[in-house]
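S.K.: Could you have a look at this structure, given as structure tokens, before my questions?
The values are calculated or read from the model by the stated rules, or taken from the named source; none is laboratory data. Computed from a prediction, not measured in an experiment: that's the story for all the values here. Cβ sites come from the backbone with ideal geometry, for glycine too, and all protein chains shown count toward neighbours.
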Amino acid sequence: MAQLALQPHYDFYVKHEDELVSKFGGMYVVISDAMSVHSFADEPEAYDFGVKNFGAGHFLLHKCMAGGLDVVQTVNCAF
């Protein structure tokens, strides 16, 4: 279910992958429902930011690298 909800985020990444990789290569990016992009050096920091600002399931977290779309994780959690 969450994968369908995040499809627009994934599509945004695919469409802008070259630009994102050139700007944020090697970093973790958080893409929100508004398709705004935030970058972080480490995954836990990116995840914490996404949950705090957008809520679990409302953002895409991805390591920004060329050809990196071969591995995509969807994490659903409730605390």
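S.K.: Just give me the residues in the stretch 14-48 being in contact with a strand residue (DSSP E or B) (Cβ under 6 Å, 6 or more places away or on another chain) and either part of a strand (DSSP E or B) or under 10 Å from LEU60 (Cβ atoms) (or both), in sequence order.
M.R.: Across the stretch 14-48, the qualifying residues are TYR28, VAL29, VAL30, ILE31, SER32, VAL37, HIS38, SER39, PHE40.
S.K.: Which of the residues belonging to the stretch 27-70 are touching a helix residue (DSSP H, G or I) at 6+ places or on another chain (Cβ under 8 Å), on the phi > 0 side of the Ramachandran plot and exposed (fewer than 15 other Cβ atoms within 10 Å of the Cβ)?
M.R.: Answer for the stretch 27-70, where residues must be touching a helix residue (DSSP H, G or I) at 6+ places or on another chain (Cβ under 8 Å), on the phi > 0 side of the Ramachandran plot and exposed (fewer than 15 other Cβ atoms within 10 Å of the Cβ): just MET35.
S.K.: Something else now. Only residues in the stretch 12-31 that are farther than 24 Å from VAL51 by Cβ count as the first member; pair them with residues that are modelled with pLDDT of 95 or more and surrounded by fewer than 21 Cβ atoms within 10 Å (Cβ to Cβ), Cβ under 8 angstrom, at least 6 apart or cross-chain, and list the lot.
M.R.: none
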